[in-house]
Amino acid sequence: METPARQQVSRQKKMTKQLTGKRDDTPFHSAARAGDLKLVKEMIAENLGEPAELTAMLSKQNQSGETALYVASECSHVDVVKEMIKYYDTGDLEIVEALMEQEMDIWRFRKPL
């Protein structure tokens, strides 16, 4: 078990990593992290004519192994996640949508920090 001092250092490192961009986020990751739905839509629209480029943008991972979809989900940007999943080639879209609905219910009852 970590000591409180070590936990604090760990949290500070994580926050520094998030704030300084050491994750090597792409501009798409940054838009997702910020919850900028308008910019996410614009970036997707710019790549709609190039399916390979769109797929590359959607699947690109930062140094932490996170896709922009993961980042948007982690930050609870539901509208951004809903927009992004429209462009994923997945046979399990119904499962993703069900999880999204469940997540919204969870956040509705979540106590503020």
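The values are calculated or read from the model by the stated rules, or taken from the named source; none is laboratory data. What you see is a predicted model, and the numbers here were worked out from it, not measured in a lab. Cβ placement follows ideal geometry from the backbone for every residue including glycine, while neighbour counts extend to all protein chains displayed.
Okay, here's what the table says:
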item	result
Residue in the stretch 26-39 that is assigned to a loop (DSSP other than H, G, I, E, B), at pLDDT below 90 and surrounded by 14 or more Cβ atoms within 10 Å (Cβ to Cβ) present	no
Evaluation of Leu58 against (1) under 15 Å from the mean Cα position of the chain (by Cα); (2) surrounded by fewer than 17 Cβ atoms within 10 Å (Cβ to Cβ); (3) at pLDDT 90 or above (one fails), failing number	(2)
Evaluation of Ser76 against (1) at pLDDT below 90; (2) in contact with a Ser or Thr (Cβ under 9 Å, 6 or more places away or on another chain); (3) small (Gly, Ala, Ser) (one fails), failing number	(2)
Of all residues making up the stretch 31-51, the number that are of a type outside the set (D, E, K, R) and touching an Asp or Glu at 6+ places or on another chain (Cβ under 8 Å)	5
